[in-house]
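The values are calculated or read from the model by the stated rules, or taken from the named source; none is laboratory data. Note that this is a predicted model, so its numbers are computed, not measured. For neighbour counting, all protein chains shown are included, and Cβ atoms are generated from backbone atoms with ideal geometry for every residue, glycine included.
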Amino acid sequence: MSRITHHFLVCTNRRPEGHPLPSCAARGGTAVFEAFTMELARRGFPPGLKVTATGCLTPCQQGPTVVVYPAGVWYAGVKAEDVREIVETHLGGGVVTRLLLPEDVQVS
């Protein structure tokens, strides 16, 4: 069994209408998750890569949020069209700096 080398966690949290906080699903989180799924399918579901839809990851105002483990890289404002770049960059050992969650945003 192969180990996971890159795990993409995508917030798809949906809040009820009228909730005081935004939700990643309403901002396109579901489309981002689907884009990750399609990107991994396009690559033939390579061993070591995994994508998981999650509930709230905390920085709601910054969503959709994506976290890449084990690197612990947090992305904010991710769009479906950013997914290929994120996957390719991480497989090459880098990060997509333009999408990094600002350092002053609380995630715990």
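Condition check for A26 on (1) surrounded by fewer than 15 Cβ atoms within 10 Å (Cβ to Cβ); (2) over 16 Å from V83 (Cα atoms); (3) of a type in the set (A, V, I, L, M, F, W, C): one failure, at (1).
Condition check ((1) touching an Asp or Glu at 6+ places or on another chain (Cβ under 9 Å); (2) closer than 30 Å to D104 by Cβ; (3) assigned to a strand (DSSP E or B)) across all residues:
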| residue | (1), (2), (3) |
| --- | --- |
| T30 | no, yes, no |
| A35 | yes, yes, no |
| M38 | no, no, no |
| G44 | no, no, no |
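Scanning segment 77-95 for residues that are at negative phi and surrounded by fewer than 18 Cβ atoms within 10 Å (Cβ to Cβ) yields K79, E81, R84, E85, E88, T89, L91, G92, G94, V95.
Just one of (1) outside any loop (DSSP other than H, G, I, E, B); (2) in contact with a Ser or Thr (Cβ under 9 Å, 6 or more places away or on another chain) fails for E81. It is (2). Scanning segment 37-58 for residues that are farther than 10 Å from F8 by Cα and crowded, with 18+ Cβ neighbours inside 10 Å gives E39, L40, L57.
T58 - would you say it is among the polar types (S, T, N, Q) and modelled with pLDDT of 95 or more? Considered against the rule, which asks whether it is among the polar types (S, T, N, Q) and modelled with pLDDT of 95 or more, T58 comes out as no. Scanning segment 1-22 for residues that are part of a loop (DSSP other than H, G, I, E, B) and either buried (at least 19 other Cβ atoms within 10 Å of the Cβ) or aromatic (F, W, Y) (or both) yields T12, N13. Output yes when any residue across segment 70-83 is over 18 Å from Q106 (Cα atoms) and of a type in the set (S, T, Y), and no when none is. The answer is no, given that none of the residues of segment 70-83 is over 18 Å from Q106 (Cα atoms) and of a type in the set (S, T, Y). Every test in (1) buried (at least 19 other Cβ atoms within 10 Å of the Cβ); (2) of a type outside the set (V, I, T); (3) in a loop (DSSP other than H, G, I, E, B) is passed by W74 save one, and that test is (3). When T37, T12 are screened for being at pLDDT 95 or above and in contact with a helix residue (DSSP H, G or I) (Cβ under 9 Å, 6 or more places away or on another chain), only T12 passes.
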